[in-house]
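Following: one structure in structure tokens, then a few remarks.
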């Protein structure tokens, strides 16, 4: 009878845990469901963690560039407001972005398909990471932009500017060319309405070509975007800027 | 002369110095103490500490592997290892400091009063430190002195010593110059170091000093008895075994799972190590140490000094207390308890302050009796002292105090009755008498007063005082005297008879030369005044304390050197033998059958004397202890105490032993917890003991037991709490491995939870008040009631831990979803999430993230305040809403869920504090239901499985 009792007890425990975990799982799924109900389809509840970082990329982007819907114009314009996020306008139109606008850095036929790397004139292509409903604002205070970049500060453009990171590299950088609408990020591409409402969105790109880098030396460069609502962080080296290291060997 | 000394002049100073140089000072060397660094090392090598050392080593290895592979965040492992080591070292220092402090308290007793000795050197009497005595010194001792070394008596006058601390004999031994026995312990001409001279004077030569004295040899023997492992140390080892087993089991399982899923071997190895380390309860060590030392502090305030921290808990698991009688259960002073005069037994007040005398004092007989008691008395109040200090034999002291209270100012009273002659008590005539002038100067008669053994006194009487009238002492009176004498004797009291006579004025006129040796005066045909009986009464708090022990399921066994009848009377008085309990002999007399025919199991009580004990085999003793719940051992020697302790331990009890004499030290060491007396205890006893009672009071032990039980319960709660937390810390890692979500909880954040935020609630559990029934439960069975048992582990891990994990997941997925990562997207996201080169990872809204630098580490640990059995409401929830419970009830979960994100995001994370609250309520409700079930259905399946 003892073994029966032990068996009975074991079954009871099993049953207990079955019910216990069943209930728990139920509660868990319930709360998660409830949570999902509270979420907006269009916009995350909090965006404090996705501060606008700038990202540099080199080649992978190209295949995406062929599709566009609406001509955005080659001149920078102001924000193109396509209604409130929550309104029932449905899918929003997106500005197209022509690859040719990137000039020699477009990597198209007839141009250099190695993005200038072969000739020691490397191209970098920069974008601002997408953030739903984010409207970057041009710098209000021109003083924040370095002197060399002042010429490119204009209305409706978020300027980007690269310069040497170390003092001693100042003379070795040479000329830097910027390609793209207004040589920066034009405002008509903003805001982004999210995956659901803006499926064909393309963000503006800026190509940066270093045309006269000193060979055989390690050079450190830092590129920054300038905007009234773009911050930099000590901890996050990719928030609002990026840095890059070149060593071009003469072959 | 053998010691190159002179019987009259003693040693010369130069010779004495020479010998001192050779033999060293006359003091007992403390038993070779453990070197300090060993003590410290011991603090670092306990069960938990070892676990943490192993974890630290694993961390170093993991760090080495990850560092060589250049993994991001590999420094976490290094920090973890360093933290682990720091925790061990810091708690080690703390424990060491605690022990050091209590050792200091004990050491402070020792040198309170340096003992002095009166020594004759160069023919001169000098008062020197007893430490400087050497062999051959001529010393003088008198009543009240402690014998400063082993001494051979060469001259003695009525010298009596109390050898109880050495041999356990409670009767004073007289010392004379004759050598009466070959055995130095038996012979009358040797007085021993550390015994006390009660009365008389003696001169002798020192024959042994320091460790070569008899007592020194016994003290060194005691260090040979091994120390037992404390129950808490055993429990912690058991706990570490469980933890290590579980850690390796889980680690290995997930190692296999990880390999199966397709991780590289090294990666799986690191998972394995991480899980093992995550299992180590880093905060527990600190919690245990803090809990124990807090309690030790609390106990010290209640007059128990704990030498060894772990002893605190041992006291709580005690199931048998072997207590001394004298001084521990009793007040250690003879007090008048009963008087018999006018054919009635009157009870006197025996409480500590003797404030109210309850009997009728109007009778003339009482006045005469009090006069005899006051006059026929050699005890005096020490001059120039508070009137409470009395010099004299214990019963005379009792009588003096009694008459002082009844009549008032005895010293002055005696002045009025001038003493003419006195015959001191001796063992042949067994009486003491003195002759006084009367206070009325006109009355020229002498008054002879006499006291002594009642039957001897009665022999000398021909009349008896009844209501102030002398009546002839006929058979009827003799019989009532016998009855009264028997009655008082059976109460275990020491009875004295008192009589007096007015000497005939003509036969003994003023100036008559009384001769104390010849006794040239009337000593028969006296007038009997009455009987006075004395006892060393129990301390007022003791009966309550014994009662408490009984309800707490603790047996109190009295072990005393006293006479069985006295022992039994006191035992009955304090409740060690309860009302209605009978011994085998009682049953035999009641049923009028021979002792052999009585069923031994019928007798609850049993009084065994040292003589009987000597003839018993250990099995017989075990059997006696098993069959009689109420035991008194009388006339036992300290060696027999050890036998009794061993027997109790054989029966599976955890034994606490009290002791004061040097000879008790083996028993004190052998016992699970040895308790030495702070006032009466010898240094050797204090050294051997684990705990010291500063006030020698039995009731303090009971307080200690309560604290010990409390600490066990609270430690259990702390551990349940700590273990519970382990699961919600571990499960994020498990889902990280298995379903590849981004790591919810980083290593450093775990450390923060363990060591920064969680210590406080863990420790505050140590402050928990006792659940109200703590002293009504049986002492825990060390074999069954473990600190950590299956149900506690199951409860913490699989019930509360599970709920908390789900709470954590909910919070995690909420945080992720609200930031843009839907739960389903998270699954399998790990490799992208950790990809350093992927800088535009898209979330559910199409936003692009550069995530490697961002740790979303939000997870909540929902806490509840835990009581094991009683509902929070029963425990007086509203009463205890102080800082303590506030912290536990409300603050902690918030602090906890908040803290994990201290690293990068100090602001803006408050919004997720409240997510796990429903789970908090769930835990609360579940726990209350569980406790309700445990209380409603004790012994049921629910109780067995769910009560820890």
Where the Cα pairs of region A:99-248 fall when distances are cut into 10 Å bins, in % = 11, 38, 37, 14, 1
Note the full-extension length gain between residue B:444 and residue B:116 as 0.36 nm times their separation in residues minus their Cα-Cα distance, in nm to one decimal.
-> 113.3 nm
What whole-number value in cubic angstrom gives the convex hull volume per residue for the C-alpha atoms of region B:490-535?
-> 117 Å³
Partner shielding of B:612-620, taken as the mean number of other chain Cβ atoms within 10 Å, equals 0
Quick one: which of A:160-173, B:192-205, B:315-328 comes out on top by average Cβ neighbours within 10 Å, and what's the full order, highest first?
-> B:315-328, B:192-205, A:160-173
Segments B:932-938, B:122-128, A:130-136 sorted - mean Cβ within 10 Å per residue, highest first = A:130-136, B:932-938, B:122-128
Using just the alpha carbons, could you tell me how many Å³ per residue the convex hull of region B:335-535 encloses?
-> 125 Å³
To the nearest 0.05, the calculated FRET efficiency linking residue B:142 and residue B:237 through their beta-carbon distance, R0 being 56 Å, is 0.50
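Within a 10 angstrom radius of each residue's Cβ in A:185-191, how many Cβ atoms of other chains show up on average? Whole number is fine.
The mean count of partner-chain Cβ atoms within 10 Å per residue comes to 0.
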Could you let me know the centre-to-centre spacing of region B:468-484 and region B:564-608, using Cα atoms, in angstrom?
-> 32 Å
How many Cβ atoms of partner chains, on average, are near each residue of A:11-17 if near means within 10 Å of its Cβ?
-> 2
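Which FRET efficiency value, to the nearest 0.05, do you get for residue B:129 and residue B:185 by plugging their Cβ-Cβ distance into 1/(1 + (r/R0)^6) with R0 = 22 Å?
With a Förster radius of 22 Å, E is 0.20.
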Cα extents of region B:114-222 along the three principal axes, largest first, in whole Å?
-> 35, 31, 24
State, to one decimal in nm, how far the label point of residue B:201 lies from the label point of residue B:784, with both points 7 Å from Cα in the Cβ direction.
-> 6.6 nm
If you stretched the chain out fully between residue B:925 and residue B:578, how much longer would it get, using 0.36 nm times the residue separation minus the C-alpha to C-alpha distance?
-> 120.4 nm
With r defined as the distance between the Cβ atoms of residue B:601 and residue B:935 and R0 fixed at 45 Å, what FRET efficiency is calculated, to the nearest 0.05?
-> 0.85
Full extension from residue B:343 to residue B:773: what is 0.36 nm times the residue separation minus their Cα-Cα distance, to one decimal in nm?
-> 149.9 nm
Distance (nanometres) between label positions extended 7 Å along Cα→Cβ at residue B:467 and residue B:565 | 3.1 nm
Between residue B:589 and residue A:37, with labels modelled 7 Å along Cα→Cβ, what's the label distance in nm to one decimal, could you check?
-> 8.4 nm
Of the listed peptides B:467-473, A:194-200, what is their order by residue-averaged count of other C-beta atoms within 10 Å, with the highest listed first?
-> A:194-200, B:467-473
By counting other Cβ atoms within 10 Å of each Cβ, how are B:522, B:722 ranked from fewest to most?
-> B:522, B:722
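Just so you know, all these numbers are worked out from the coordinates, no wet-lab data involved. The structure presented is a predicted model; accordingly, all values stated were derived computationally and were not measured. Methodologically, a virtual Cβ is constructed for each residue, glycine included, from the backbone with ideal geometry; neighbour enumeration extends over all protein chains shown.
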